1. Could you report the buried accessible area between A and B, both sides summed, computed with a 1.4 Å probe and given in Å² to the nearest 100?
2. Calculate how steeply helix A:203-222 sits against the longest principal axis of the alpha-carbon atoms of chain A, using the helix alpha-carbon long axis, and give the answer as 0 to 90 degrees to the nearest 10.
3. Could you pull out which residues in the range A:180-215 have an amide N less than 14 Å from a spot 7 Å beyond the Cα of A:ASP134, following the Cα-Cβ vector?
4. Specify the angular offset, from 0 to 90 degrees and rounded to the nearest 10, of the alpha carbon long axis of helix A:8-25 from the longest principal axis of the alpha carbons in chain A.
5. Please give me the summed charge of the neighbours of B:ARG193: other residues whose Cβ is under 13 Å from its Cβ, Lys and Arg +1, Asp and Glu -1.
6. Taking 25 Å as R0, compute the FRET efficiency from the Cβ-Cβ separation of A:ALA147 and B:ARG98 and round it to 0.05.
7. Please give the helix A:124-141 orientation as an angle from the longest Cα principal axis of chain A, in degrees from 0 to 90, rounded to the nearest 10.
8. In debye, nearest 20: dipole of chain B around its Cα centre with unit charges on the Cβ of K, R (+) and D, E (-)?
2 protein chains.
Amino acid sequence: MAEAGNNPERANRILDAAARLIVHYGFDKTTVGEIAAEAGISKGAIYLHWPSKDELFAALLLREMQDFSREWIERVMADPDGGKLGVMFLHSLDVLARRPLLRALVSSDRRVLGDFLQRYDPSMFARRMTLNQDFIRLLQAAGAVRADVDPQTIGYILACLRYGYLLLPDLAPPEHTPPVEAIIQALADFLERALAPAGGGDSEAGKQVIRQLMAGVMQQWEQGKLA
Amino acid sequence: MAEAGNNPERANRILDAAARLIVHYGFDKTTVGEIAAEAGISKGAIYLHWPSKDELFAALLLREMQDFSREWIERVMADPDGGKLGVMFLHSLDVLARRPLLRALVSSDRRVLGDFLQRYDPSMFARRMTLNQDFIRLLQAAGAVRADVDPQTIGYILACLRYGYLLLPDLAPPEHTPPVEAIIQALADFLERALAPAGGGDSEAGKQVIRQLMAGVMQQWEQGKLA
DNA sequence: ATTTGACCCGATGTGCATTTTGGGTCAAAC
DNA sequence: GTTTGACCCAAAATGCACATCGGGTCAAAT
């Protein structure tokens, strides 16, 4: 822990600069010098905050995921139906899709991430799948998802949907892409009909699950146990 | 139309050989000489059947899609619930996923197809999206899908699912992938709950739609109007 | 005590001559 | 009448000498 580089405000400015450049040019094609220039400081100053470019990027990922969790939880809590799986999922997709870096990360975009992911944490994808399943399981226990679906299978189907949703816009011609709001709305409806228990389920119990799960996940992130 | 190369049986053997090699090495990395060797004939003989490597591949695609349509329709017709959208979709996914070449084609896998797709038909993806939407519209008219969903949006969601389903196995670790049968079963159930009209819809009417639509599509393929 | 930017050096890129590859042809063999 | 495979040639791959790039360092400036 460097004494000198203990300026969280400047660290955030550097991370902002890095994020802008990485989304635009990709991890490999963004140099430390460019990041410094974009942040308006010198190259050496970067190394007062992190010992290497990789560590800088790891910090960027951590911040990105923390921001995502925070924003997601806020939106779910503010939504009266936030505890329903469909609504939950749509909020997560929407927040995800609006953060270019995280979106590239979740869909494992090699152009943006270069060979960083492989070097840093090849098991990231596996962890995400496990998290998905635990999530469904908890929601079932809370009565927010039908009990008769298999968490692993449904987790996989949700991953298919998320993955397709994140990647399709780069492939499908714009004139065949409905407005984001329409897709999100339809997806929520879709999931609600497919997965909600008879009677609609308890939205408050669902919210409770998110609160608990995310608290645990954020703690793990801060301890560096999750990518 | 070459007189000499009018041997459909041998043409099929060559296409089989080409398919095996292309799935393994990709279009660009598969040479005409290798195809000939794999098929047990000489290079020159290939050119008795098709005027170029591109034309050979076009023929392969046509055959692949005809086979797909045939197999899909057979399975749908043989299934008592074949006319329901969920069941229909699962049969198409299952047939698709089991044909490596077609699977790579649908998910626009650049490794396998090289730059052929772009050269041959860049609008393929757009056509597929349009076809999806027409399909939903016809099923709605036949009463096999709820009338209050927007065909474009649902078509897009189905594309997300299909796309994710075809690409995920290459990314997700096997231990987090449920058995194909479980996914397919759950997907059918999923779609059924989400999209079937109240009362379950008319399965026979649904089958009728497939029969009509596919007859039209196959005709267009044979005339070379569709990729 | 901070911050800088010139400097280091392995890795990557560039330009170019040379070789190999591979789609397509066709005279000869069958 | 069919089929072959040596042959053609443009395009891509390879090898190589040389230049540049870029992550990381640290003595000097602020």
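The values are calculated or read from the model by the stated rules, or taken from the named source; none is laboratory data. All figures in this text were calculated on a predicted structure; none of them were measured in a lab. Please note: Cβ atoms are built from the backbone with ideal geometry, for glycine as well, and neighbour counts cover all protein chains shown. Surface areas here come from the heavy atoms of the whole protein model, side chains and all, with no ligands, DNA or RNA. Shrake-Rupley method; radii C 1.70, N 1.55, O 1.52, S 1.80 Å.
1. Values: alone 12030 and 12020 Å², together 20490 Å².
The summed interface area works out to 3600 Å².
2. On a 0 to 90 degree scale, this one is about 20.
3. A:209-215
4. Tilt relative to chain A: about 80 degrees.
5. Values: positive: A:ARG146, A:ARG193, B:LYS84, B:ARG146; negative: A:ASP148, A:ASP189, A:GLU192, B:ASP189, B:GLU192.
Around B:ARG193, the charge tally is -1.
6. Numbers: r = 32 Å, r/R0 = 1.28.
The calculated FRET efficiency here is 0.20.
7. Result, in degrees: 30.
8. On the way: 25 positive and 29 negative charges, 72 e Å.
It works out to roughly 340 debye.
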